[in-house]
Amino acid sequence: MNEKMEKALNEQINAELYSAYLYLSMSAYFAAQDMPGFANWMYVQYQEETTHGIKIYKYVLERGGKVILTTIQQPPTEWKDTQQVFEEVLKHEQLVTSLINNLVDLALAEKDHASNNMLQWFVAEQVEEEANAMTILGQIKMVQASKESLYMLDKELSQRVFVDATQAPGA
Ligand code: FEO
């Protein structure tokens, strides 16, 4: 793996771990708001992002590259309301999608087919990530003024269970 790719993948490890940190902060926010279902959803999201970072970490090592872990930026700790949190989730996932697309562009430019192959997992994952954020944001907008409906949505989100998709067959 060439140096450019190695550096870019190291940056993506940091971006995925920052995502984990951001969602953990959102989980703490919801826990403090007495919304355990939303807190659970965000905690699962935090776990997922950690596995994303680790997937790239393991790949860099497997290719004989050097992993360099750098400072993870402090995430925000306060939001106006539930809707604002999910607006930020969607915006953040759109940003991550653009980072993944840039990495694919680089892999193609460098004719690094192995990295391109590994990154295609993330291309598919980002479609799901953005769709999840859009769905929940849509639901929040629908129930907006109704505390009762928001309570029901919180109950629904409490059902989310962590599954390590990076360990699935073919991942
Ligand atoms: Fe690892 Fe949410 O992208």
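Can you find a residue in the stretch 49-67 that is of a type in the set (F, W, Y), assigned to a helix (DSSP H, G or I) and either more than 24 Å from L153 (Cα to Cα) or more than 12 Å from the chain's Cα centre (by Cα) (or both)? Yes: the stretch 49-67 contains one or more residues that are of a type in the set (F, W, Y), assigned to a helix (DSSP H, G or I) and either more than 24 Å from L153 (Cα to Cα) or more than 12 Å from the chain's Cα centre (by Cα) (or both). For the stretch 94-120, a residue qualifies if it is of a type in the set (A, V, I, L, M, F, W, C), within 12 Å of the ligand (Cβ to nearest atom) and loosely packed, with under 15 Cβ neighbours inside 10 Å, and exactly one does: L95. For residues that are open to solvent by less than 40 Å² (accessible area, probe 1.4 Å) and without any contact (Cβ under 8 Å) to a residue 60 or more places away in the chain, scanning just the stretch 59-90, find the one that is nearest to M118 (Cα to Cα). The residue in question is Y59. The single condition from (1) open to solvent by 20 Å² or more (accessible area, probe 1.4 Å); (2) within 16 Å of the ligand (Cβ to nearest atom); (3) farther than 30 Å from Y151 by Cα; (4) in contact with a helix residue (DSSP H, G or I) (Cβ under 7 Å, 6 or more places away or on another chain) that K4 fails is (2). Scanning the stretch 132-141 for residues that are open to solvent by less than 40 Å² (accessible area, probe 1.4 Å) and within 13 Å of the ligand (Cβ to nearest atom) yields a single hit, A133.
Contact map, the stretch 8-22: residues that are modelled with pLDDT of 95 or more paired with residues that are within 11 Å of the ligand (Cβ to nearest atom) and open to solvent by 10 Å² or more (accessible area, probe 1.4 Å), Cβ distance under 6 Å, separation 6+ or inter-chain. Pairs shown: A15/L99; A20/Y46; A20/T50.
Residue pairs whose Cβ atoms lie under 6 Å apart, sitting 6 or more positions apart in sequence or on different chains, and linking a residue in the stretch 29-54 that is near the ligand (Cβ under 10 Å from one of its atoms) to a partner that is open to solvent by 30 Å² or more (accessible area, probe 1.4 Å) and outside any helix (DSSP H, G or I), are T51/D164. For Y21, the conditions (1) of a type in the set (S, T, Y); (2) open to solvent by 60 Å² or more (accessible area, probe 1.4 Å); (3) away from the ligand (no atom under 13 Å from the Cβ); (4) part of a helix (DSSP H, G or I) are fulfilled apart from (3).
The values are calculated or read from the model by the stated rules, or taken from the named source; none is laboratory data. No experiment lies behind these values; they were computed from the predicted model shown. No Cβ is skipped: glycine too gets one built from the backbone with ideal geometry, and neighbour counts run over all protein chains shown. With ligands, DNA and RNA removed, areas are computed over all heavy atoms of the protein, side chains included. Shrake-Rupley method; radii C 1.70, N 1.55, O 1.52, S 1.80 Å.
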